[in-house]
Amino acid sequence: MKIKPPCKVSQETITFNVEELEPLLQGPALDVEQWQPTAVKLQNGQTMLIRKAKLSEAQTLLKMIRTRFINDDDLDQVKDFYDIVGARVYAEILGWYRQRLKDPYTFLGLIDGEVVAFGNGRLMNEDINISLHTMAFKRGLRAGAVMYYAKCHYCFEILGQEEFWATYESYNGLKRWGLGMAKPSYPWPDVQHELGGAKVFYLTRQYWDQRIKEYISQMAGAGEFMPASDELIKANEIIRDPDA
């Protein structure tokens, strides 16, 4: 679209350096406390490390998502909405890697280098934490529940935020984390979650302290969160797909 300028100009063509444009495309980052490597003992006795993912690990994570979930050969055979979950997680990892998400966090649950759980989200502002996805790549450990707990813990215990927002693509997610936690929801469509404009289910800090902190901890069947030792961090320095 072209519109004739309403006055004379000295330069009819203005060129921008992409380094000048990039700040407009990246959301300004909040100065917040970062997640520190954390150890937690799972119900089977194994110790899982929860740490931030590294940008250098994005390609491995993308391959894991493609292998498991990105398959459009026969959409009628897909179960539990894993196709749309996989596609969205794939895009979120790319958004984090390409710096096209505002204030994202990407957590990995690791046992001897195996990625057994994944959790991500982003900070809308200083008060609201938006949960994106939580996934378990190894069954029977309740690692997904531990990771969901970690995300809530990060929101309320570390960042001191006021609300944790979530929505759900699958019936399983709604049952476990929405109905199971008796989360209230905001009136729709006035308030919408960024994942498809769905209804927002939320936790407040007061509700977390009163009930939900204990509920998730009991569901996960895990021990207390502890600072990770140097040995545990080193043992999980290089990640790999548990199914590889």
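For (1) exposed (fewer than 12 other Cβ atoms within 10 Å of the Cβ); (2) without any contact (Cβ under 8 Å) to a residue 60 or more places away in the chain; (3) not in a helix (DSSP H, G or I), each residue gets a yes or a no:
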| site | (1), (2), (3) |
| --- | --- |
| GLN161 | no, yes, yes |
| PHE164 | no, yes, yes |
| GLU169 | no, no, yes |
| LYS175 | yes, yes, no |
| GLY197 | yes, yes, yes |
| GLN206 | yes, yes, no |
| ILE212 | no, no, no |
| ILE216 | no, no, no |
| MET219 | no, no, no |
Report whether or not PRO242 is of a type outside the set (Lys, Arg) and closer than 19 Å to ALA117 by Cβ. yes
Counting only residues in region 156-201 that are in contact with a Ser or Thr (Cβ under 7 Å, 6 or more places away or on another chain) and of a type outside the set (A, V, I, L, M), the one farthest from THR134 (Cα to Cα) is identified as GLU162
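Looking only at residues that are in a helix (DSSP H, G or I) and touching a strand residue (DSSP E or B) at 6+ places or on another chain (Cβ under 8 Å) in region 84-103, which one is nearest to ASP74 (Cα to Cα)?
VAL85
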Picked from region 196-212 (must be modelled with pLDDT of 95 or more and among the β-branched types (Val, Ile, Thr)), the residue farthest from LEU174 (Cα to Cα) is THR204
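Residue-wise test of (1) over 20 Å from SER131 (Cα atoms); (2) of a type in the set (D, E, K, R); (3) modelled with pLDDT under 90.
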position	(1), (2), (3)
LYS8	yes, yes, no
VAL18	yes, no, no
GLU22	yes, yes, no
ALA39	yes, no, no
THR67	yes, no, no
ARG88	no, yes, no
LEU94	no, no, no
ASP103	no, yes, no
Flagged pairs (Cβ under 6 angstrom, 6 or more apart or on separate chains; first in region 24-36, assigned to a loop (DSSP other than H, G, I, E, B); second polar (S, T, N, Q)) are GLN26/GLN99
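Considering only region 54-81, how many residues are without any contact (Cβ under 8 Å) to a residue 40 or more places away in the chain, in a helix (DSSP H, G or I) and not charged (D, E, K, R)?
Filtering region 54-81 down to residues without any contact (Cβ under 8 Å) to a residue 40 or more places away in the chain leaves 54, 56, 58-59, 62, 65-66, 69-79.
Still in the running and in a helix (DSSP H, G or I): 56, 58-59, 62, 65-66, 69, 75-77.
In the following step, the residues that additionally are not charged (D, E, K, R) were identified as 56, 58-59, 62, 65, 69, 75, 77.
Within region 54-81, residues that are without any contact (Cβ under 8 Å) to a residue 40 or more places away in the chain, in a helix (DSSP H, G or I) and not charged (D, E, K, R) number 8.
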Being more than 14 Å from ILE158 (Cα to Cα) and either assigned to a loop (DSSP other than H, G, I, E, B) or acidic (Asp, Glu) (or both) is the filter here; which residues of region 37-47 pass it? LEU42, GLN43, ASN44, GLY45, GLN46
Go through region 183-192 and give me each residue that's touching a residue at least 12 places away in the same chain (Cβ under 8 Å) and either in a loop (DSSP other than H, G, I, E, B) or over 21 Å from ILE216 (Cβ atoms) (or both). LYS183, PRO184, TYR186, TRP188
When you go through ALA222, ALA235 one by one, which is the residue that is more than 22 Å from VAL85 (Cα to Cα), in contact with a helix residue (DSSP H, G or I) (Cβ under 6 Å, 6 or more places away or on another chain) and of a type in the set (Gly, Ala, Ser)? ALA222
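The values are calculated or read from the model by the stated rules, or taken from the named source; none is laboratory data. All values reported here derive from a predicted model rather than from experimental measurement. Positions of Cβ are generated from backbone atoms using ideal geometry, with glycine treated the same way; all protein chains shown enter the neighbour counts.
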